[in-house]
Amino acid sequence: MSTNLENTGALGYKKHTDGGWGVVPIQTRSERFTSTLVTDFPAVTGREAAWKLTPVDRIADLIDGPLDGSAYDLTAAAVPGIAVEWVERTDARIGTAGTPEDRASANAWTQVEKVLAITVTGEEAKTLRLSRENLGSAPRAGHIVIEAKPLSRGLIILQNTGDARLTENVEIIVGDAANLTVVTVQQWNDDAVHLASHFTTVGRDAKIKHVVVTLGGSIVRINPSTHLVATGADVDALGLYFADAGQHFEQQVYVDHDAPQTRSRVNYKGALQGTGARTVWIGDVLIRQSAAGTDSYEQNRNLVLTDGTRADSIPNLEIETGDIAGAGHASATGRFDDEQLFYLQARGIREEEARRLVVRGFLTDIVQQIGDAELQDQLQDAIEQELTRTRLSTEGS
């Protein structure tokens with residue numbers, strides 16, 4: 001499937017009313033060119049809106065090169081009401097949740113051979129833990145389709161560890177009145193690279209909680225896109241990341257309100273420590289004219305723990321109707337709260353431990369919303385390990 005270039009402009013330009021191509025750049029996420037064919041996209045230069053904050057020179061093989069699209073090893077215990085299977089790329093569900101917006105995503109879509117399909121049925125709550133422990137260092141393509149049937153309930157946890165050089169697409173289809181939570185945890189080895197585009201469609205009176213946790217890897221770029229296509233659709237998009245020296249963690253989040261009485265909450269929090277630690281968060285929310293009664297809010301908070309780090313945080317909100325319940329966005333990047341530190345130290349807690357308590361409290365807000373005690377304990381331990389890697393700096397606080 002390929003989108004008509006004449007309608008959208010693969011080079012990122014709009015078409016003038018006289019029929020000619022102009023040099024007016026695409027400004028909004030909804031206007032971006034999409035295609036499932038990598039050859040439809042121009043070469044990536046790093047100046048494009050989708051790539052300008054990404055170290056593209058370090059991921060060129062995933063954007064343009066040959067990829068292994070075969071099935072890979074994974075671990076998942078059998079869970080009643082959740083089916084896990086490898087299917088052909090011709091499966092009817094492929095492409096129903098979204099279409100690639102960038103060349104790396106299209107490269108994976110073009111070259112993948114086997115698709116991992118996860119199907120949730122039944123109204124009882126259930127949890128699937130799926131682990132990918134070592135995908136190797138060769139460039140690889142992946143594709144996952146998660147479908148929650150109408151009225152179903154489930155929690156899917158995707159845990160990633162070990163080595164990887166992976167670009168993949170994840171499609172999530174939430175049926176009418178379904179309630180689904182999808183958590184993806186990146187605890188890759190230090191040299192791993194992981195690019196992922198997540199596409200979600202949410203049906204009538206359905207709810208999705210989408211959580212991205214990134215604690216390991218060299219470059220991890222996960223871009224979740226949620227399309228609220230029917231009345232009453234609801235999304236909580238949550239994120240947690242902790243970048244150490246030399247790591248690049250990136251998230252480009254998009255929520256498309258396309259139906260009345262829809263709701264979205266986007267809340268991403270991150271911490272940075274060590275020279276060269278870099279995070280990027282871009283949040284786009286579109287409230288279409290068709291989305292009367294929308295209730296939407298997005299925010300990103302970053303806590304800088306040492307010198308030599310950089311956090312880019314860019315919230316965007318586009319509203320096409322005045323008939324909404326509410327909409328807003330917020331972004332902040334800063335160091336420790338002096339009042340919090342003073343309060344803790346005044347009660348006999350030494351400064352270094354006080355700083356650790358502040359960081360844990362800052363990030364725990366996201367962890368506690370996951371809804372799985374085992375994973376929450378695991379993540380609390382992982383955050384504690386991150387905090388022990390580098391002594392928290394007192395400079396500039």
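The values are calculated or read from the model by the stated rules, or taken from the named source; none is laboratory data. Being a predicted model, the structure only gives us computed values, none of them experimental. Because the Cβ atoms are built from the backbone with ideal geometry, glycine has one as well, and the counts that use them run over all protein chains shown. Accessible surface areas use protein heavy atoms only, side chains included; no ligands, DNA or RNA. Shrake-Rupley method; radii C 1.70, N 1.55, O 1.52, S 1.80 Å.
Taking residues in the stretch 302-323 that are within 14 Å of V253 (Cβ to Cβ) and open to solvent by less than 60 Å² (accessible area, probe 1.4 Å), and partners anywhere that are at pLDDT 95 or above and not in a strand (DSSP E or B), the pairs with Cβ atoms closer than 7 Å and at least 6 places apart or on different chains are D312/L53. Against the test of being open to solvent by less than 10 Å² (accessible area, probe 1.4 Å), of a type outside the set (S, T, N, Q) and on the phi < 0 side of the Ramachandran plot, the options A292, A259, A245 yield a single qualifying residue, A259. Residue count for the stretch 295-326 under the criterion of being at positive phi and of a type in the set (F, W, Y): the result is 0.
The residues in the stretch 85-109 that are out of contact with any strand residue (DSSP E or B) (no Cβ under 8 Å at 6 or more places or on another chain) and either surrounded by 19 or more Cβ atoms within 10 Å (Cβ to Cβ) or not in a loop (DSSP other than H, G, I, E, B) (or both) can be counted, and the count is 2. Pull out all pairs, ordered by first then second residue, where Cβ-Cβ is under 9 Å, the residues are six or more apart or on different chains, the first lies in the stretch 211-240 and is without any contact (Cβ under 8 Å) to a residue 60 or more places away in the chain and basic (K, R), and the second is open to solvent by 10 Å² or more (accessible area, probe 1.4 Å) and in a loop (DSSP other than H, G, I, E, B). Note: no pairs meet the criteria. Look at the stretch 142-153: where a residue is touching a residue at least 40 places away in the same chain (Cβ under 8 Å) and a partner is among the acidic types (D, E), sitting 6+ places away or on another chain with Cβ atoms under 8 Å, you get G142/E168; H143/E168; H143/E171; V145/D91; V145/E171; P150/D176; S152/E123. Could we say that P55 is open to solvent by less than 50 Å² (accessible area, probe 1.4 Å), at pLDDT 95 or above and over 20 Å from A97 (Cβ atoms) here? Answer is yes for this residue. A Cβ distance below 8 Å, combined with a sequence gap of six or more or placement on separate chains, defines the contacts here; from the stretch 162-186, residues that are under 12 Å from H210 (Cα atoms) and polar (S, T, N, Q) reach residues that are open to solvent by 20 Å² or more (accessible area, probe 1.4 Å) and assigned to a strand (DSSP E or B) in the pairs N179/R153; N179/K207; T181/K209.
The set of residues in the stretch 122-138 being in a loop (DSSP other than H, G, I, E, B) and surrounded by fewer than 19 Cβ atoms within 10 Å (Cβ to Cβ) consists of G122, E123, E124, A125, K126, E133, N134, G136, S137, A138.
Here V358 meets the list (1) under 22 Å from the mean Cα position of the chain (by Cα); (2) modelled with pLDDT under 95; (3) assigned to a helix (DSSP H, G or I) almost entirely, failing just condition (1).
Take I82 and tell me if it is open to solvent by less than 50 Å² (accessible area, probe 1.4 Å), closer than 18 Å to V145 by Cβ and modelled with pLDDT of 95 or more. Yes.
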